[in-house]
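Report on the structure given below.
A short reminder: the numbers here are calculations on the coordinates, not readings from a lab. All of these numbers come straight from a predicted model, not from anything done at the bench.
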């Protein structure tokens, strides 16, 4: 299964890393790397995330530590929609 990020999800990764880097640059790099590896792992088990009701498409959320990854499962693509910290208002 191919992994694809929305423009918003790419901006989310950058925004989260920059926020953490203000306080701890090395932690920002570690967290960004771990988050990206976890997202890549979803391609092997895309149904691991919980379904999100209210959408026609198969939208799921995966919780990784304090982060939420919302994604769409398509026939041959895992499409990452958004990524945010659990304390953010979403």
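For the chain, how big is Rg over Rh, using alpha carbon atoms and the Kirkwood form of Rh?
0.97
Take every DSSP beta bridge whose two residues both sit in the chain, then give the antiparallel share in percent to the nearest 5.
Beta bridges within the chain, antiparallel portion: roughly 80 percent.
Rounded to the nearest 500 deg cm²/dmol, what is the calculated helix-only ellipticity per residue at 222 nm for the chain, with -39500 (n - 2.57) per DSSP H run of length n ≥ 4?
On the way: 2 runs with 32 residues, N = 90.
Computed mean residue ellipticity for the chain: -12000 deg cm²/dmol.
Test of understanding: what is the full-extension gain from residue 7 to residue 19, defined as 0.36 nm times their sequence separation minus their Cα-Cα distance? Intermediate values should be presented prior to the final figure.
Values: separation 12, 0.36 × 12 = 4.32 nm, distance 1.84 nm.
Taking residue 7 through residue 19 to full extension adds about 2.5 nm, to one decimal.
Normalised by the residues of the chain, what does the relative contact order come to in percent, with Cα pairs under 8 Å and at least six apart?
33 percent
To the nearest Å, what is the center-to-center distance of region 3-19 and region 31-90, using C-alpha atoms only?
Result: 12 Å between the Cα centres.
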